[in-house]
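Structure first, commentary second.
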């Protein structure tokens, strides 16, 4: 995992692809689930560690969205 991946996502891009995107055809629902989880985390508490985790999860959702857009442009 690169320094950027660590600071931005908390996991590597290959882990995002494997854990969130691999074998799933409905990435829109994956993103919606991540966003819902972020809402719940914010409701449960916004300590510094929670805020950082929510930020990283939002970045994961954005990464998936951008990958989806890249794939649509290729098709």
### Message
I'd like the full set of residues that are in contact with a helix residue (DSSP H, G or I) (Cβ under 7 Å, 6 or more places away or on another chain) and at pLDDT 90 or above, limited to region 12-37.
### Response
12, 13, 16, 30, 31, 34, 35, 37
### Query
Based on what the data block shows, is residue 69 touching a helix residue (DSSP H, G or I) at 6+ places or on another chain (Cβ under 8 Å) and free of Cβ contacts under 8 Å to residues at least 24 places away in the same chain?
no
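Taking region 1-55, which residues are assigned to a loop (DSSP other than H, G, I, E, B), without any contact (Cβ under 8 Å) to a residue 24 or more places away in the chain and either under 10 Å from the mean Cα position of the chain (by Cα) or exposed (fewer than 12 other Cβ atoms within 10 Å of the Cβ) (or both)? Quick ask: steps written out before the conclusion?
First, pick out the residues of region 1-55 that are assigned to a loop (DSSP other than H, G, I, E, B): 1-2, 9-12, 22-26, 45-47.
Narrowing the set further to residues that are without any contact (Cβ under 8 Å) to a residue 24 or more places away in the chain leaves 1-2, 12, 22-26, 45-47.
2, 22, 23, 24, 25, 26, 45, 46, 47 - these are the residues of region 1-55 that are assigned to a loop (DSSP other than H, G, I, E, B), without any contact (Cβ under 8 Å) to a residue 24 or more places away in the chain and either under 10 Å from the mean Cα position of the chain (by Cα) or exposed (fewer than 12 other Cβ atoms within 10 Å of the Cβ) (or both).
The values are calculated or read from the model by the stated rules, or taken from the named source; none is laboratory data. Only a predicted model underlies this, so the values are computations on that prediction, with no experimental measurement involved. Quick reminder, even Gly has a Cβ in these numbers, built from the backbone with ideal geometry, and neighbours come from all protein chains shown.
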